Amino acid sequence: CIPGGTIQLEGSYSGQGVAWAWTPSSGLSDPNALEPYADISTDVIYELTVYGVDPSAPNLVVNGDFELGNGFFSSDYTFVLDDPLSQVEMWPEGTYSVIDNPNLVHENFASCADHTGAGSMLVLNGAPDYQNVWCQTITVNTDQYYNFEAWVASVISSSPAQLQFSINGTPIGNIFNATSSTCVWEQFNAVWYSGGISAAEICI
């Protein structure tokens, strides 16, 4: 780039990228964006590094598919069991259950299957204020990128969920706004660099 103005860098790559880093970072609007703006004040060559997902890497989250029921995670919400004779167990806001059909615990919730088509899911009746709906502490390697992802679907069209990941109490990634269409599964993710940290409490 020749000195004398602002341009937009147009990063490109093939494969599945989850994080980007431009070097040097000086003069860039966001060195971790794929197409940042660069304020050119001197001759410079920018290099883009793209971080992908290793398909052979293990999933470090235990019971992330909830097939083991209500275990291996914590929540600020209150757990309720399904009562086969009732459909109002989750009427109070700020409650959750682990079940294969949301309609069984709330008569106004849609009858949805989990994103794989069969199995259990975490069902939430959203609290009016922001709380941790799911947390788990995992051991991580230092100086490594991690990709956190989750599948989300609305079970009632009013007040769709607003969700965000956090690591050790610090928000990461953008707030995810779920669609108001019911039973439509969407994936959201956030990328995190561990630095010197070896234990991460992941929360949504």
Return the residues of the stretch 147-160 that are open to solvent by less than 80 Å² (accessible area, probe 1.4 Å) and assigned to a loop (DSSP other than H, G, I, E, B); say none if nothing qualifies.
153, 155, 156, 157, 158, 160
Are any of the residues in the stretch 166-173 surrounded by fewer than 14 Cβ atoms within 10 Å (Cβ to Cβ) and part of a loop (DSSP other than H, G, I, E, B)?
yes
Give the number of residues within the stretch 174-184 that are part of a loop (DSSP other than H, G, I, E, B) and buried (at least 16 other Cβ atoms within 10 Å of the Cβ).
1
Just a yes or no: is a residue in the stretch 185-201 acidic (Asp, Glu) and in contact (Cβ under 8 Å) with a residue 40 or more places away in the chain?
yes
Does the stretch 5-54 hold any residues that are within 19 Å of residue 190 (Cα to Cα), open to solvent by less than 70 Å² (accessible area, probe 1.4 Å) and among the aromatic types (Phe, Trp, Tyr), and which are they?
20, 22
Quick one: in the stretch 121-146, which of the residues that are in contact with a strand residue (DSSP E or B) (Cβ under 9 Å, 6 or more places away or on another chain), open to solvent by 50 Å² or more (accessible area, probe 1.4 Å) and of a type outside the set (Asp, Glu) is nearest to residue 108 (Cα to Cα)?
124
I want to confirm something. Restricting to the stretch 82-104 and keeping residues that are aliphatic (A, V, I, L, M) and more than 28 Å from residue 166 (Cα to Cα), which single residue is most open to solvent (accessible area, probe 1.4 Å)?
85
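The values are calculated or read from the model by the stated rules, or taken from the named source; none is laboratory data. Note that the structure is a prediction, hence the values are computed from the model and not measured. Cβ atoms come from the backbone with ideal geometry, glycine included; neighbour counts cover every protein chain shown. These accessible areas exclude ligands, DNA and RNA; they are computed on the full protein's heavy atoms, side chains included. Shrake-Rupley method; radii C 1.70, N 1.55, O 1.52, S 1.80 Å.
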